[in-house]
1. Which Cα, out of B:ALA188, A:MET242, B:GLY205, lies furthest along the positive dipole direction of the protein assembly as shown (beta carbon charges, K/R +1, D/E -1)?
2. Could you compute how much accessible area chains C and A hide from each other, both sides summed, with a 1.4 Å probe? Nearest 100 Å² is fine.
3. Picking from A:LEU256, A:LEU34, A:LEU42, which is most flexible by a Gaussian network model of chain A using Cα springs under 10 Å?
4. Indicate the gyration tensor shape class of the protein assembly as shown (rounded, prolate or oblate), computed on the Cα atoms with a ≥ b ≥ c the square roots of the eigenvalues: a/c under 1.5 is rounded; otherwise a/b larger than b/c is prolate and the rest oblate.
5. Report the full-extension gain for the segment A:ILE153 to A:ALA111: residue separation times 0.36 nm, less the Cα-Cα distance, to one decimal in nm.
6. Starting from 0.36 nm per residue, how many nanometres of slack lie between A:ILE314 and A:THR187 once their C-alpha separation is accounted for?
7. With unit charges on the beta carbons (Lys and Arg positive, Asp and Glu negative) and the dipole taken about the Cα centre of segment B:2-217, which residue among B:ILE75, B:GLY37, B:ILE104 sits farthest to the positive side?
8. When chain C is modelled as a GNM with alpha-carbon springs shorter than 10 Å, which of C:ALA119, C:ALA195, C:ALA325 fluctuates the most?
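The values are calculated or read from the model by the stated rules, or taken from the named source; none is laboratory data. What you are looking at is a predicted structure, and each value in this text was computed from that prediction instead of being measured. Cβ atoms come from the backbone with ideal geometry, glycine included; neighbour counts cover every protein chain shown. Please note that ligands, DNA and RNA were not included when accessible areas were found on the heavy atoms of the full protein model with its side chains. Shrake-Rupley method; radii C 1.70, N 1.55, O 1.52, S 1.80 Å.
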Amino acid sequence: MLSKPPSTRPLGAQAPSPAAFLQARAAWRWPEILFWISAFGLILLFPNRHLLLNEIAILGLFALSLDLILGYAGIVSLGHAAFFGVGAYAAGLLAKHGVSEPVTGLLLSGAAAGLVGFLASFMILRGTDLTRLMVTLGVALIFHELANRLDWITGGADGLLGISVGPILGRFDFDFAGTTAYTYSLTATFLLFLLARRIVHSPFGLSLKALKDNHLRAATIGIAPNRRIVAIYTLAAVYAGMAGALLTQTTQFVSLEMLDFARSADALLVLVIGGSGYLYGGLIGAIAFKLMKDTLSAMTPAYWIFWMGFILVILVLIGRDRLMATLARPFAPLLKLLGARRP
Amino acid sequence: MLTILFDGIAYGMLLFVLAAGLAVTLGLMNFVNLAHGAFAMAGGYATVILMNRFGLPFLLCLPLAFLFSAALGFIFERLLYRHMYERSHLDQVLFSIGLVFMSIAATDYLMGSQQQNIHLPAYLQGRIFIGGVGIGIYRLFIVVLCSLMALGLQWMLAKTRFGSQLRAAVDDRRAARGLGIPVVKVFAITFAFGSGLAGLGGALGAEIVGLDPTFPLKFMLYFLIVVTVGGTSSLTGPLLAALMLGVADVMGKYLVPQLGAFIIYAIMLAVLMLRPQGLFARGR
Amino acid sequence: MPKSTTALSRRALLALGGTALMLASAQAQAQAQQTVKIGLILPMTGPFAGAIGRQIEAAAKLYMAQNGASVAGKTIELIIKDDTGTPDVTRRIAQELLVNDKVSFLAGFGLTPLAFAVAPLATQSKTPQIVMAAGTSSITEQSPFIVRTSFTLPQVTIGIADWASKNGIKKAMTLVADYGPGLDAEKSFKERLTAAGGEITGEIRIPLRNPDFSPFLQRVTDAKPDALFVFVPSGLGVQFMKQFVERGLDKSGIRLIATGDVTDDESLDSMGDVTLGLVTTHHYSAAHPSPENKAFVEAFRKAANVRPNFMAVGGWDGMHLIYQALKKTNGDTDGTKLVEAMKGMSWVSPRGPISIDPKTRDIIQNVYVRKVEKVNGELYNVEFSTFEAVPDPVKAAK
């Protein structure tokens, strides 16, 4: 389908001269443009895979949101589904109680998730990686349980019924083949990506990277760590919430699985496959992950999970860099231009 | 009321045995092994097969389950895990999740996906009354066995030569190697031992928490909670944490069943907020 | 498929996509003259794979092996997909099956939310959705194209409530898994028992992810009711039974009654003697004494190497329903006609005589009162009393 291979893992930043660095990083490279043109081109090609593509776009956005905190602020999270779920339920409840226009619902859901993210961000300011891992996980588990308990609002374990989503901006109805859904999700992902790209290439983004690389040193040159972490975590929550809202709106159903641990873990896997810290990792990882899952589970519905695990183990053992370097040698310049840096 | 307290302790003890191996690999070797549950599951299945197909007595199966999982752990350590020690935590997470997936599907393929059952010998069934408090014999058995094991572990780490070698190897690999400590061997043995403990936990726990191919995923969270709440710098931490969580969980569900699953998560969050290094960690 | 190189406005693109789709579906209809495809969506991995997914898969394949892969001149093709028990995946798979594979039937649906998620698709595409497993009463109300061949929780619960009040049980407690079917069971048991003059002294709901039952059972011990009514999904039954006995509740004079989910045939034999004498009500037992069932169990065991449970029989009857509906419409795959054909259909299933209620599209079947006994050294639910032709009581009351 997409000929782009998953990418390599970036190294920690090695700083060239600052001004040129900022500009060089912010400039658009032609493979990036190509990436998005082909993504939008798929609206025309492969009309029978739009549902899967829609899922890929949403998972990509979700992983992108995780990349914002993992790749740019070094926060490991195993509970990112909390925000995905909040956004998903917010969108579902909005659509159920009158706000059926998707774009409005998307923005409001993002705001709701952002608010939760803002509050939760104060819990991850302290502690080691492991502590953060478990705190984020704990938050997600509590939200999962809340959604289960508050069944008069959320429908509990049966899921939220009666969601009716109107046409986008009052004009484009969701069609059966998922073409509108894919176009909608891809557009949203693209716009959010543009915003993320601006942010990470801004001085704020750089200061985050500085924090990630060396907390102490960053603090001594006057970068206030906590405020930046709160800001990026909130932003990531907004993104995750919007991803959740997209899934709700394009499938017209919300269930507890939106908040499931597996969803957080998937996002992390996707990001590790795609590589973190250059924004495309989530998107490329999502493509690789979903296609792999789809192909494997079509081949052996009951035991595909074995091969999935096998691929993961091989991937790590051989080293993603080495494996991909071999597979991707022909595309290496392309990936480099996408922003992935290699040793 | 006391009965429920005792149930909580037994549950906590079981959690400890299941998680102790993880505390060792994560705390001492600084390796995030999410596949820990897979070794526990292996021990459980070993027991089921030995008992149901070969008719071995339960008590004999327990050490065999330990050995089986330990052997499995040893093989995996030699073949796979040792390449991962120097990697980032993220790589370790990805790698061990991959192993979990494989173990789930493989177990499903080999053993079927249904719940497995262990038939306890008659002398471990039923309950006794001590001072009017009804206590399940099997739970008493778990508490006694696990306490002995916790003591033994602590002794081994703190007092034996192997324990000090391990601690030295963890603190500074290179220096330890320089001192002539066989670091590679120490790590392999420790890993195998941790896996063995998990296997024993799986064998003991199959009766109470059940055993099916999704075991490693289902209980991964519990292991992680025990280890993080307890802190990773000693074994006493996870032990106390496991007991606390076990008791709080069981008591909480008994007193306020509506809150059910919240309690254990809420405790974890509260502890980690106040003591990010874990409840019983010495400051490093 | 269209490949456009000119720049077009998005709306034009969408319109184009739509046309392409219509063309494609017209083409598909031409194809459909030879093949009828059934999309069977099941949880094949994850915690529900064993008791639900594998059983239904094996039963469906067995049905096709025994009855041939063609009916009314059409070749039947079964497409099995794994939805991992996640509703958004179920929905995507269903939609892809409809759009790409042009399936004429959607079938399977292991859990309530999975069936809910697909219901709007069935309505929109006018495709019959055969629910072979999920048991929440309200599922069939979500779409006029849903037909169920499994059971509803209220349907099998009221039987045990009746049996209890007839057998002198006045005060009972309920213990159910905290999700749709569990709440359904709790509600109908309570209504039925209190209507007969009984009393519910306590209601306990346990989280689905619950490894240890002991705190909940301690509450039961403290309350000392005449009986404890239990619903937990199959798979959790083993755990529950063991801890019930471990706490000595079996000797405390508290009578345990349950729906047949607890004594699921798939795992009953491995539960051990603790279950002996347990009275449950359900719509299917592998020990049902009929020639149809004997043949079914024997063939199933040969094919799948396990005992069939009530999920398997739901899958079997689902396939039978599809075959018979196609026969009746003479191979016409129009969804509305197919559902019409299914309404009121009746046949003798391995579980006994069953029919599809023409008003609710839900199943009407016998509910049996059974007791766990040893037959030829294996534990079975042996039926000893029957409630005949029970409809879903919730919808019947409406």
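1. Result: B:ALA188.
2. Result for this pair: about 3700 Å² buried.
3. The residue with the greatest mean-square fluctuation here is A:LEU34.
4. Details: a/c = 1.76, a/b = 1.09, b/c = 1.62.
Because a/c hits 1.5 or more and a/b fails to exceed b/c, the protein assembly as shown counts as oblate.
5. Working: separation 42, 0.36 × 42 = 15.12 nm, distance 1.91 nm.
Contour length minus Cα-Cα distance gives 13.2 nm.
6. Details: separation 127, 0.36 × 127 = 45.72 nm, distance 3.44 nm.
Result: 42.3 nm gained on full extension.
7. B:ILE75
8. Per the Cα network of chain C with a 10 Å cutoff, C:ALA195 tops the list.
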